[in-house]
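Below is one structure, written out as structure tokens; comments come after it.
The values are calculated or read from the model by the stated rules, or taken from the named source; none is laboratory data. Computed from a prediction, not measured in an experiment: that's the story for all the values here. Cβ placement follows ideal geometry from the backbone for every residue including glycine, while neighbour counts extend to all protein chains displayed. Just so you know, the surface numbers come from the protein's heavy atoms only, side chains and all, with ligands and any DNA or RNA stripped out. Shrake-Rupley method; radii C 1.70, N 1.55, O 1.52, S 1.80 Å.
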Amino acid sequence: MPLYEHVFLARQDLAQAQVDALAENATKIVEDNGGKVVKTETWGLRSLAYRIAKNRKAHYVELDLDAPAAAIAELERQSNINEDIIRFLTIRVDELETGPSAMMRRGDKERGPRGDRGDRGDRGDRGDRGDRAPSFVREEEVE
């Protein structure tokens, strides 16, 4: 069967239990139509790039699916009807990602005292910049 990644955005005012129920409902739709859900990831409540239906944030959920096209069509039809889902996207992929997705790995980086910028040791001491007057001196004083 073909492999798919299905991501949906649920309204920001839903409780986490309601978001989990939406994911379970999507799983049931796929399984009733002869497919299976390989993995479910909840990415949490995240800010949107722009407002969608008066929502500034949304709960993100990703499902990795191994399902026939009919199951995907039914899942998308049900997602269109559901008022709690504000956006969804289904993509056919060649192979499913093993382990955590890129969104889940994003927060795993170990950050040092300077964040992820490094120590900037390549800059060195800039020293005197003789071609410029100090920025705090007025032109009248330079004469």
Contact list, first residue from segment 48-62 and touching a residue at least 40 places away in the same chain (Cβ under 8 Å) and open to solvent by less than 20 Å² (accessible area, probe 1.4 Å), second anywhere and outside any strand (DSSP E or B) and of a type in the set (D, E, K, R), beta-carbon distance below 9 Å, six or more apart or interchain, is 55/13; 61/20
Flagged pairs (Cβ under 6 angstrom, 6 or more apart or on separate chains; first in segment 32-45, farther than 13 Å from residue 64 by Cβ and touching a residue at least 24 places away in the same chain (Cβ under 8 Å); second open to solvent by less than 70 Å² (accessible area, probe 1.4 Å) and assigned to a loop (DSSP other than H, G, I, E, B)) are 34/68
Counting only residues in segment 63-97 that are more than 17 Å from the chain's Cα centre (by Cα) and β-branched (Val, Ile, Thr), the one least open to solvent (accessible area, probe 1.4 Å) is identified as 72
Taking first residues from segment 91-103 that are more than 14 Å from residue 68 (Cα to Cα) and second residues anywhere that are among the aromatic types (Phe, Trp, Tyr) and surrounded by 11 or more Cβ atoms within 10 Å (Cβ to Cβ), the pairs with Cβ under 6 Å that are 6 or more apart or on different chains are 103/43
